[in-house]
2 protein chains.
Amino acid sequence: MAAIARIEDALLAAVAGAIGPGCPPRLAAALRHAVFPGGARIRPQLCLAVARACGDDQPALADAAGVAVELLHCASLVHDDLPCFDDAPLRRGQASVHSAFGERLAVLAGDALIVLASDTLARAASDFPQRALQLMRTIHAGVGMPAGIVAGQAWECEPRVALRQYQRLKTGSLFAAATVAGAQAAGGACEDWRALGECLGEAYQVADDIRDVIADPEHLGKPIGQDVALGRPSVATEQGLDAAMALFHRLVAAAVAAVPACRGAPMLRALVRAESERLVPPALWTEQRLRAVA
Amino acid sequence: MAAIARIEDALLAAVAGAIGPGCPPRLAAALRHAVFPGGARIRPQLCLAVARACGDDQPALADAAGVAVELLHCASLVHDDLPCFDDAPLRRGQASVHSAFGERLAVLAGDALIVLASDTLARAASDFPQRALQLMRTIHAGVGMPAGIVAGQAWECEPRVALRQYQRLKTGSLFAAATVAGAQAAGGACEDWRALGECLGEAYQVADDIRDVIADPEHLGKPIGQDVALGRPSVATEQGLDAAMALFHRLVAAAVAAVPACRGAPMLRALVRAESERLVPPALWTEQRLRAVA
């Protein structure tokens, strides 16, 4: 099965288990809305690609790892869109969860997604419990405290922030969890895979900063100019677009170079390159350069 | 070691791991504030009492189960106190987390507590992984969807609510998780312990409704009259105080009767009775009756 179909099937199964009999209907609808339709599903794709590169001998465990990472990503989007953070009306081109269902259900749906992520791992763990427990710890570390995406987001509430540390935690920590957990699911040498996740995650955050300045809001599926409006740390606004693009290209090159030698290496390098062109389309950057010199 | 000291030590160790090097200082402070000083710690006490009654042959696992349940309870308080729910300025006699640290850090601290709860279980699991995985599933079910405390809270967002179902999920589901997980940690016959948790949890919610009408706010550590003010379902306001007290006494008697035959049964029955007098102090109820006939 193609990776993307495998991920959607596994996400559907996890969500179906959560919205079972007796569930409050509006909470069930909010949960579905938070997960479907998805974005690029890049984190679980990366997780499964690494599991495949490591032999993928426990596909159900790799699926669970990919699902957990994606559900945690969705939870972070739902909570980051809340009025007290970004107050975002749109996400992925549709109403954000709090816009569609209200703030209370957005808080609760995010909470339920975090629980569901861990429970998906516990459910898939029984055949290879030691592997599963290791990858649970990896994924929890990527999302929680002291150095997961929750901690990254919390740096926005501190009087002083180191920009690179903020970038690394806010996005890179969950990307690194995706690659390391993918390797752990397949019994691979997991620490060899951390740098790939970290570099790609940081590239992703830098690309997010760049798109927030130069993208077309309709294509992006959410408003632009939010980093300045909300006073968020941003490479693009603090160091300028050219410096941000140079950093982005360095990070993508570092991610490509970080792919360990293995049978799946060419496929993974191609995935990283394709993703980098999706993140900052070359045509978009060319347009921006033309505007700058006009 | 006395159960309460054992619980505080285990909570301190779990929180210390989360606020380690690199953690944003204000998030670390918000997490500590959410967990310490605690309330009665009734859920972990119950969990450990059941584990002891079942032999407590894996005390570290029982501790982890108690800690996870308490951290999830703390997370639910932090999120329930948010402006979009109860907008509560006080909790346990001190400022609520959002009052002290702002709404954003309250959302993030609650999220981090949920992650920390599951991670505490994963960390303690390696010696008895199958037991640990079972009790993880129990605790996740008690907190998540479709029938944990998150679902209970979400019934407040539905146009129609069945009062008993709301009461059972909003509080009973995490109490039931505490008793069942306590038995699972010690390899006991876990389903025998579910009714005790369910009855005591429902009694606890009914007591909460009663105290919201008749308690002294200073003694309660939070404002009273909130069920009416916020339009929350409440046995005390919907059926009257006398009917609520009668239901409370029936539920406590059912909890006492639900304690399975075992060496620790007398201690557990005594714990339930003592807790019931703490929940609705007989003197408070006598005062209320005197006021009613005056």
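By the rule of a C-alpha distance below 17 Å, with chain neighbours fewer than 8 residues away ignored, no lysines are paired with B:LYS222.
Shape index of the stretch B:52-174: Rg/Rh, with Rg the Cα radius of gyration and Rh the Kirkwood radius from the inverse mean 1/r over Cα pairs, equals 1.02. Distances from A:LEU163 to itself in the other copies, using label points 7 Å out along the Cα-Cβ axis, amount to 5.9 nm in increasing order.
Please find, in a Gaussian network model of chain B (springs between Cα atoms separated by less than 10 Å), the residue of B:GLY66, B:GLY172, B:GLY39 whose mean-square fluctuation is greatest. In the Gaussian network model the winner is B:GLY39. Working note: 222 nm ellipticity from helices only, DSSP H runs with n ≥ 4, each -39,500 (n - 2.57), summed and divided by the residues of chain A, gives -21500 deg cm²/dmol to the nearest 500.
Taking Cα pairs under 8 Å and at least six residues apart, what relative contact order does the stretch B:1-117 come out at, in percent?
On the way: 120 pairs, mean separation 36.5, N = 117.
Once divided by the residue count of the stretch B:1-117, the mean separation gives 31 percent.
Exposed loop sites were defined as trypsin sites (Lys or Arg not before Pro) in DSSP loop states (anything but H, G, I, E or B) carrying at most 12 other C-beta atoms within 10 Å; in chain A the longest segment without such a site runs A:1-159. Taking the charge dipole of the stretch B:3-293 about its Cα centre, with +1 at Lys and Arg Cβ atoms and -1 at Asp and Glu Cβ atoms, the residue from B:CYS157, B:PHE128, B:ALA176 reaching farthest to the positive side is B:PHE128.
Taking the Cα centre of the protein assembly as shown as origin and charging only Cβ (+1 Lys, Arg; -1 Asp, Glu), how large is the dipole, in debye to the nearest 20? The partial results should precede the final answer.
Values: 54 positive and 62 negative charges, 128 e Å.
Magnitude of the dipole: close to 620 debye.
Specify whether the C-alpha gyration tensor of the stretch A:3-293 places it in the rounded, prolate or oblate class, a ≥ b ≥ c being the square roots of the eigenvalues: rounded for a/c under 1.5, otherwise prolate if a/b is larger than b/c and oblate if not. Taking the square roots of the gyration eigenvalues as a ≥ b ≥ c, the stretch A:3-293 is oblate. Using only Cα coordinates, the Kirkwood hydrodynamic radius of the protein assembly as shown works out to 24.6 Å. Residues within the reach of a label modelled at A:ARG289 (point 7 angstrom out along Cα to beta-carbon, backbone nitrogen below 18 Å), restricted to the stretch A:209-249, are A:210-211, A:214-215, A:240-249.
At 20 Å minimum axial length over the Cα atoms and a Kyte-Doolittle cut of 1.0, report the qualifying DSSP H helices in chain B, or say none. All intermediate terms of the calculation are to be shown ahead of the outcome.
On the way: long enough: B:3-18 (23 Å, 1.34); B:59-80 (31 Å, 0.97); B:103-123 (29 Å, 0.93); B:129-143 (21 Å, -0.01); B:194-214 (30 Å, 0.04); B:241-258 (25 Å, 1.54); B:265-279 (21 Å, 0.00).
Span-like helices here: B:3-18, B:241-258.
Compared with the direct C-alpha span, the chain from B:ALA60 to B:ASP9 gains 17.2 nm at full extension, assuming 0.36 nm per residue.
In a GNM of chain B with a 10 Å cut-off on Cα contacts, which of B:VAL107, B:VAL206, B:VAL78 has the highest mean-square fluctuation? Ranking B:VAL107, B:VAL206, B:VAL78 by mean-square fluctuation puts B:VAL107 first. Across the identical copies, the 7 Å label point of A:ALA13, projected outward along Cα→Cβ, sits 3.5 nm from its counterparts, in ascending order.
Which of these, B:GLY201, B:GLY188, B:GLY22, has the largest mean-square fluctuation under a Gaussian network model of chain B (Cα springs below 10 Å)? Answer for the Gaussian network model of chain B: B:GLY22.
Using C-alpha pairs under 8 Å with a sequence gap of at least 6, the mean separation divided by the residue count of chain B gives a relative contact order of 18 percent.
Placing +1 on each Lys and Arg Cβ and -1 on each Asp and Glu Cβ, with no other charges, gives chain A a dipole about its Cα centre of roughly 340 debye.
Each copy carries a label point for A:PRO281 at 7 Å from Cα toward Cβ; from one copy, the others' points are 6.8 nm away, ordered from shortest.
FYI, it's all coordinate maths here, none of it is from the lab. In this text, all values refer to a predicted model and were calculated from it rather than measured experimentally. Using ideal geometry, Cβ is built from the backbone for each residue, glycine included, and neighbour counts are taken over all protein chains shown.
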